[in-house]
Amino acid sequence: MAIYSVKARYIEEKMNEFYQKLTDGAIQNQKPDGQEIVNSMKRAKITEPDVIQWSEMCFCSPPLKHERETVYNEFLKDMETSTIDEYADATIQSIVSEFTLLGFEVNILDSESITISGNNAKTTYTIRNQDVSFEQAMFTTIKENIA
């Protein structure tokens, strides 16, 4: 078993479908790694346009073999992995940077809230204990802007 730092390009036109599968239980119910995939996407952050990075535990050799075959290859490409000591989490500052890179206007309202504006949409997110969900923040924004 190892924990990996993972970096990949996401396929933008497939994000709505990925969001749906992450939230409807389709991925979560996958054995043996579905819950870890969902948790990993909650830790994921956008590090540059069309690129996400997250940490994930895996027992496979090569790393993320099963996860790639069953989920990731459908929604992500150019995946790179490296071994790390512990999970990495997103912070409010990393979320501000991520959405700014995507061209959104981000305003920090207080220590727990940010407003994200762009593409004729404005959404306020409340962040508890600096724990930001990629699933809630990034996919909800993409879903709203695609719909």
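I need every pair where a residue in segment 48-63 that is free of Cβ contacts under 8 Å to residues at least 60 places away in the same chain has its Cβ under 6 Å from the Cβ of a residue that is assigned to a strand (DSSP E or B) and among the small types (G, A, S), sequence separation at least 6 or different chains.
S55/S5
Hey, does segment 54-65 have a residue that's assigned to a helix (DSSP H, G or I), of a type in the set (K, R) and at pLDDT 85 or above?
Let us first name the residues in segment 54-65 that are assigned to a helix (DSSP H, G or I), namely 65.
If we keep only those that are of a type in the set (K, R) too, we end up with 65.
Pick out the ones that are also at pLDDT 85 or above and you get 65.
Yes.
In segment 6-55, which residues are within 16 Å of T81 (Cα to Cα) and either outside the structural domain of L76 (by TED's automatic domain parsing) or aromatic (F, W, Y) (or both)?
Result: Y10, W54.
Could you please let me know if T47 is surrounded by fewer than 18 Cβ atoms within 10 Å (Cβ to Cβ) and either in a loop (DSSP other than H, G, I, E, B) or modelled with pLDDT of 90 or more (or both)? Lay out the reasoning, then the answer.
Working: surrounded by fewer than 18 Cβ atoms within 10 Å (Cβ to Cβ): yes; either in a loop (DSSP other than H, G, I, E, B) or modelled with pLDDT of 90 or more (or both): no.
Taking the combined requirement at face value, the residue does not satisfy it.
Pick from segment 27-44 the residues that are part of a helix (DSSP H, G or I) and β-branched (V, I, T): which of them is modelled with the lowest pLDDT?
V38
The values are calculated or read from the model by the stated rules, or taken from the named source; none is laboratory data. Quantities reported herein were computed from a predicted structural model and do not represent experimental measurements. Reconstructed Cβ throughout: ideal geometry from the backbone, glycine too, with neighbour counts over all protein chains shown.
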